[in-house]
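Chemist: Supplied in structure tokens, the structure appears directly below.
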Amino acid sequence: MSSHLAVIAGPTAVGKGTVVRYIKENYPNVHLSVSATTRTPRPGEVDGVDYYFLSHDQFDEMIQSGNMLEFAVVHGSNKYGTPRKPVEEALKRGDLVILEIDVQGARKVKESMPEAKTIFIAPPSWNELVLRLRGRGTEAPEEQEKRLETAKIELAAQDEFDFVVINDEVARCAHQVVELVKA
Ligand code: 5GP
């Protein structure tokens, strides 16, 4: 059943969010999991659409009741996790399901569901990644440095993934991801 489950991961600012949005708008039979997080919303982010924004207590309650498929502490501070129910229901309906999570989360899903496909979204180059992160300007310089440190560690993990897709062009990258999930 979960062979139509794919996990995509990749370093900060690689453009995963843009690829995921593109898939959401252009591939209606793909279910994109909405993660839960304890971080505060960025301007324009909507609860239940971009994330479920939870308090630490609410998040811990979901872990304890077995309602998180996986979770991880990302960038050293906040918790992020995948609510289990919507994923299981979408797989039952026969949808293709994509989780956009971090590398630690990808490892955990692969452990509990070995048939899940793991796809790493890589930047065309390290310089391009730095440019994208600084250009986006949503994080303070200190936070940017922290994210670049995480990115270095994440890039080193790409060999563990079943597939690597380079995000040089959003539509092409999205198409390749969907084809891999379907295959
Ligand atoms: P951001 O704060 O920029 O939205 O996301 C930070 C990181 O959290 C990204 O690397 C993203 O992939 C990861 N992330 C988002 N949702 C989840 C999740 O449900 N589980 C895990 N393990 N990581 C997640």
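The values are calculated or read from the model by the stated rules, or taken from the named source; none is laboratory data. Small disclaimer: the values here were computed from a predicted structure and weren't measured. Quick reminder, even Gly has a Cβ in these numbers, built from the backbone with ideal geometry, and neighbours come from all protein chains shown. The protein model used for the area step is the full one, side chains on, heavy atoms only, and it has no ligands, DNA or RNA in it. Shrake-Rupley method; radii C 1.70, N 1.55, O 1.52, S 1.80 Å.
Chemist: Over the stretch 4-182, what relative contact order in percent results from Cα pairs under 8 Å that are six or more residues apart? Provide the component values of the computation, followed by the final result.
Modeler: Details: 276 pairs, mean separation 63.1, N = 179.
Answer for the stretch 4-182 is 35 percent.
Chemist: Take the Cα atoms of the stretch 80-177, find their three principal axes, and give me the spread along each one in whole Å, biggest first.
Modeler: For the stretch 80-177, the Cα extents along the three principal axes come out at 43, 28, 25 Å.
Chemist: Within the set of other residues whose C-beta is less than 10 Å from the C-beta of F53, count the net charge using Lys and Arg as +1 and Asp and Glu as -1. Please list the in-between numbers first.
Modeler: Numbers: positive: R39; negative: E45, D47, D50.
Computed value for this residue: -2.
Chemist: Note down the Stokes-Einstein diffusion coefficient of the chain in µm²/s, whole number, using a Kirkwood radius over alpha carbon pairs, 20 °C, and 1.002 mPa s.
Modeler: Values: Rh = 16.7 Å.
In µm²/s, the coefficient rounds to 128.
Chemist: On a full-extension model of 0.36 nm per residue, what is the gain between R21 and R39, subtracting their alpha-carbon distance, rounded to one decimal in nm? Walk me through the numbers before you get to the answer.
Modeler: On the way: separation 18, 0.36 × 18 = 6.48 nm, distance 2.02 nm.
Contour length minus Cα-Cα distance gives 4.5 nm.
Chemist: Rolling a 1.4 Å sphere over the protein heavy atoms, what is the accessible area per residue of the chain, to the nearest Å²?
Modeler: On the way: 9320 Å² over 183 residues.
Per-residue value: 51 Å².
Chemist: Highest GNM mean-square fluctuation, the chain, Cα pairs closer than 10 Å: which of K108, K146, K24?
Modeler: Highest fluctuation of the listed residues: K146.
Chemist: May I pose another question? If the cut-off is a Cα-Cα distance under 12 Å, which aspartates and glutamates reach K16, setting aside same-chain residues fewer than 8 apart in sequence?
Modeler: Filter leaves E100, D102, D168, E169.
Chemist: Let me ask something else. Beyond 15 Å, what percent of the Cα pairs of the stretch 58-125 remain? Could the numbers behind the result be given before it?
Modeler: Working: 1337 of 2278 pairs.
When every Cα pair of the stretch 58-125 is considered, 59 percent fall beyond 15 Å.
Chemist: Here's a follow-up. Straight-line reach only, C-alpha to C-alpha below 25 angstrom: list the lysines that K92 could link to, leaving out same-chain residues fewer than 8 apart.
Modeler: Correct list for K92: K24, K108, K110, K117, K182.
Chemist: Using a 1.4 Å probe on the protein heavy atoms, what percent of the accessible area of the stretch 1-103 belongs to carbon and sulfur? Intermediate values should be presented prior to the final figure.
Modeler: Working: 2460 of 4920 Å².
Carbon-and-sulfur percentage of accessible area, whole number: 50.
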